[in-house]
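The values are calculated or read from the model by the stated rules, or taken from the named source; none is laboratory data. Just so it is clear, the structure is predicted and the values come from calculations on it, not from any experiment. Don't worry about glycine lacking a Cβ; one is built from the backbone with ideal geometry, like all the others, and counts go over all protein chains shown.
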Amino acid sequence: MRPLRARKPLAEEAADQIREEILAGRLGQGERLVEVRIADALNISRGPVREAFKLLRAEGLLNEEQNRGTYVVQLSSDDVREIYDLRAAIESRAAKLLARRGRPADLEAIRQALSELEDAADRRDIAAVSRTDLAFHETVCRLTGNHRLHEVFMRHVPVVRTMIRLDEHLYASPEEIAGEHRPMVEAIEARDPELAATRFESHVELAFGRVSEYIEHLPAVRSGDGVA
């Protein structure tokens, strides 16, 4: 891992770096992580690493086992399936509600969210693509005005953010990511509730397929292995 230079809170920088190592498969599923060794690799103190571990546990990427330490979570296809089933249910319903209502202000907000995603893709800024991708889906849920629907989405934002970041490792280019979102917006603009719901659900299903296959091929640490 590369040493960090503080641009935002060190704990967030450290979490970003560790997450990247996990998603790229360089830290294996089930691998034990030790604060002091991670801190040395990142050239920072142990405090930010401890906070980074907390952030990643909240996202579901790390797990703390009492008296044993902190480990990279072993995700299965079933885990990923549950996450994407939830997304498909929430987001397809949100798209249907927005298309049915067809308010100009909602359409403008969705177009703006798409524009920001496309701009990030044009710059080939993967971090910004991840951020604006999540913002796009959050915007769709929020604009429904259904507070409970939006609350459920927000409750699962940490793990959804992680899955979006992982999904984006699997596209050929940032432009492909942005391109998948335009037909979804067009269906809402056309005020076709069923088409909008179908396109959002299809988008989530495609993402699930990519991520599930990738997860299955991530390296796992054998029993007794890990960072001592």
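For this structure, a couple of remarks:
- When residues of the stretch 175-189 are limited to those that are in contact (Cβ under 8 Å) with a residue 60 or more places away in the chain and not aliphatic (A, V, I, L, M), the one surrounded by the fewest Cβ atoms within 10 Å (Cβ to Cβ): 182
- The set of residues in the stretch 117-132 being among the charged types (D, E, K, R) and closer than 12 Å to residue 175 by Cα consists of 118, 119, 122, 123, 124, 125.
- The stretch 190-226 - residue that is modelled with pLDDT of 75 or more, outside any helix (DSSP H, G or I) and not small (Gly, Ala, Ser) and, of those, surrounded by the fewest Cβ atoms within 10 Å (Cβ to Cβ): 191
- Restricting 152, 140, 129 to those that are under 25 Å from residue 20 (Cα atoms), hydrophobic (A, V, I, L, M, F, W, C) and in a helix (DSSP H, G or I) reduces the list to 129.
- Cβ-Cβ contacts under 8 Å between residues 6 or more apart (or on different chains), taken from a first residue in the stretch 80-107 that is assigned by TED's automatic domain parsing to the domain that holds residue 181 to a second residue that is among the basic types (Lys, Arg) and surrounded by fewer than 19 Cβ atoms within 10 Å (Cβ to Cβ), are listed as 99/191; 100/191; 102/191.
- Of all residues in the stretch 162-189 being touching a Ser or Thr at 6+ places or on another chain (Cβ under 7 Å) and charged (D, E, K, R), the one that is modelled with the lowest pLDDT: 168
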